[in-house]
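The values are calculated or read from the model by the stated rules, or taken from the named source; none is laboratory data. Here the structure is a predicted model, which is why all the values come from computation and not from measurement. Cβ atoms come from the backbone with ideal geometry, glycine included; neighbour counts cover every protein chain shown.
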Amino acid sequence: MLRQFAFCPRIVYYRLILGQRPRHTIWMQQGLDHQEHLDRLLQRRRLGRFSMEGAQLLQNYALSSENWGVHGMVDTLLVNDIEVVPLEIKLGRANGGRGHRLQLLAYGLMAAEQMRKDFRQAFLLYGAKGNQVQPIVNVEKSRRQLKQVIAAIQDMETDMLKPDSAATAQQCAQCEHIRECNDRDF
Ligand code: SF4
């Protein structure tokens, strides 16, 4: 929901407040297949590039935090004696967008709280073989943004009002809620 909110808050309204479920599209299946492939590759790789040699590698791991009021399933989590490092695998090119950053940050904070360890870094893996790595920088600044987004989603759950959206025509064209958003001007 954090990632969806960053793309367009109305998607969260449709899914979280109205309970609509996205259709299972060919693109989603392609993404899942790709992720399974990268998960297997990652299991065979050395973790030195994340400065986490010898770390435990957990995959599709459930996390939650009462402090932050969030829960979710991280693709991959590296854990050593000192810290946790969440990794998220994306199909195609990385866009380094706010949504991915907030999602990874939430995973890191939840894991750190749950496992009582430090959280200092997170990485987005992308490309056909997942061998291109984008670090998520400035964890402190992102924490503030995460707090704001969580508060906005919680407010939406309370007032149940459909939010305005600044989504562009290009964003709406790739969104499956376009039929519900009949006030969009294209
Ligand atoms: S169609 Fe556009 S405004 Fe409506 S939910 Fe999708 S992205 Fe947001």
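Tell me yes or no: at least one residue of the range 103-110 is within 14 Å of the chain's Cα centre (by Cα), surrounded by 19 or more Cβ atoms within 10 Å (Cβ to Cβ) and within 30 Å of Asp183 (Cβ to Cβ).
Scanning the range 103-110, I find at least one residue that is within 14 Å of the chain's Cα centre (by Cα), surrounded by 19 or more Cβ atoms within 10 Å (Cβ to Cβ) and within 30 Å of Asp183 (Cβ to Cβ), so the answer is yes.
Considering the range 121-139, and only residues there that are under 16 Å from Arg98 (Cα atoms) and in a loop (DSSP other than H, G, I, E, B), the residue that is modelled with the lowest pLDDT turns out to be Val137. The residue of the range 146-161 that is nearest to the ligand (Cβ to nearest atom), among those that are farther than 22 Å from Gln20 by Cβ and either crowded, with 16+ Cβ neighbours inside 10 Å or basic (Lys, Arg) (or both), is Leu146.
Scan the range 127-146 and tell me whether some residue there is among the small types (Gly, Ala, Ser), without any contact (Cβ under 8 Å) to a residue 40 or more places away in the chain and either farther than 22 Å from Asn67 by Cα or touching a Pro at 6+ places or on another chain (Cβ under 6 Å) (or both). Taking every residue of the range 127-146 in turn, at least one turns out to be among the small types (Gly, Ala, Ser), without any contact (Cβ under 8 Å) to a residue 40 or more places away in the chain and either farther than 22 Å from Asn67 by Cα or touching a Pro at 6+ places or on another chain (Cβ under 6 Å) (or both). Among (1) away from the ligand (no atom under 16 Å from the Cβ); (2) modelled with pLDDT of 65 or more; (3) not aromatic (Phe, Trp, Tyr), there is one condition Ile17 misses while meeting the rest; what is its number? With (1) away from the ligand (no atom under 16 Å from the Cβ); (2) modelled with pLDDT of 65 or more; (3) not aromatic (Phe, Trp, Tyr) applied to Ile17, the lone miss is (1).
Ala167 - would you say it is out of contact with any Gly (no Cβ under 8 Å at 6 or more places or on another chain) and either acidic (Asp, Glu) or part of a helix (DSSP H, G or I) (or both)? So Ala167 does not fit the description; no. Restricting the search to the range 162-184, which residues are over 20 Å from Ala152 (Cα atoms) and more than 6 Å from the ligand (Cβ to nearest atom)? Listed by number, the residues that qualify are Thr168, Ala169, Gln170, Ala173, Gln174, Glu176, Arg179, Glu180, Asn182, Asp183.
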